[in-house]
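Each reported figure results from applying straightforward, stated rules to the coordinates on display, with no laboratory input. What you are looking at is a predicted structure, and each value in this text was computed from that prediction instead of being measured. FYI the Cβ positions are ideal-geometry reconstructions off the backbone, even for glycines, and counts take in every protein chain you see.
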Number of protein chains: 2
Amino acid sequence: MKSDIQRRQACFPIRVVMEMTNLSARQIRYYEEQGLIKPSRNEGNQRMFSLDDIEKFQEIKSLIQQGVNIAGVKAIFASREQKEGTD
Amino acid sequence: MKSDIQRRQACFPIRVVMEMTNLSARQIRYYEEQGLIKPSRNEGNQRMFSLDDIEKFQEIKSLIQQGVNIAGVKAIFASREQKEGTD
DNA sequence: AAACAATGTAAGGATATCTGACAAGAGAGT
DNA sequence: ACTCTCTTGTCAGATATCCTTACATTGTTT
């Protein structure tokens, strides 16, 4: 199927992320503030998220539900970027 | 890859469709008015489009550029739905 | 010329998002 | 108990986006 969106293409406004993740806007902005996610912005300064971002939010949510705090999530993500090296 | 969006999941506001298709908002609404596309609406009455919709807009655009008029596009889409039958 | 098709544009109102600030609950440490 | 921090809720004012309706424009058809 050729209709797939590029996973990194930022084309989702916050409300869609809210629906797809069941996170509140406050949570989404807070996780960004904490450096877990770096959405791009459109010309009107509104956040635009990619599929990758949404996936990441789902992981964050899952980890949070398991009792991991933001620092923990950040550490997990950081350790992951080690192994990814070049792509 | 498991991150694919359902193709029929309506999660794109009109501005994203504009960017992805290079159609104007006017054109998008007009094509809807003509019955070519039936976007769903969110709670605030704003149009929400699916990947299927976006693909369809790209076909519409291509056909229009080839000189086909709206009635022609409609006919082409209609003839296609014959063959799709049950799914 | 008149009518139609397709698109642009503008106005006024409704909805969504932004930032910044303050509040509140839970948990940790003193 | 008191204080501090973490996380989230909520509110307010400003900006951005989207809605519908209406009128204008350009090209084509009759």
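On the principal axes of its alpha-carbon atoms, the protein assembly as shown has extents of 58, 31, 30 Å, going from largest to smallest. The Rg/Rh ratio for the range B:43-87 is 1.07, where Rg is the radius of gyration of the alpha carbons and Rh is the Kirkwood radius.
Exposed loop sites are taken as trypsin sites (Lys or Arg not before Pro) in a DSSP loop (any state but H, G, I, E or B) with at most 13 other beta carbon atoms within 10 Å; the longest stretch of chain A without one runs A:9-87.
For B:Ser50, B:Ser40, the sequence from fewest to most other C-beta atoms within 10 Å is B:Ser40, B:Ser50. Between copies, the label points of A:Gln34, set 7 Å from Cα on the Cα→Cβ line, lie 5.0 nm apart, reported in increasing order to one decimal in nanometres. Per-residue mean of foreign Cβ neighbours for B:6-18 is 3 (Cβ atoms of other chains, 10 Å radius). What separates the A:Lys83 label point from its copies, with the point 7 Å along Cα to Cβ, is 4.5 nm, written shortest first. Derived scalar couplings between HN and Hα for the range B:49-55 equal 10, 9, 4, 4, 4, 5, 4 Hz in order, rounded to whole Hz, by the Karplus curve 6.51 cos²θ - 1.76 cosθ + 1.60 (θ = phi - 60°), x for Gly and Pro.
Roughly how far apart, in whole Å, are the Cα centres of the range B:24-44 and the range A:1-78? Centre-to-centre (Cα) distance: 28 Å.
Using only the Cα atoms of chain A, each taken as one equal point scatterer with no solvent, compute I(q) by the Debye sum, divide by I(0), and report log10 of the ratio at q = 0.11, 0.23, 0.26 Å⁻¹. Normalising to I(0) and taking log10 leaves -0.32, -1.22, -1.39. Charge dipole (Cα centre; +1 on Lys/Arg Cβ, -1 on Asp/Glu Cβ; no other charges) of chain B amounts to roughly 140 debye.
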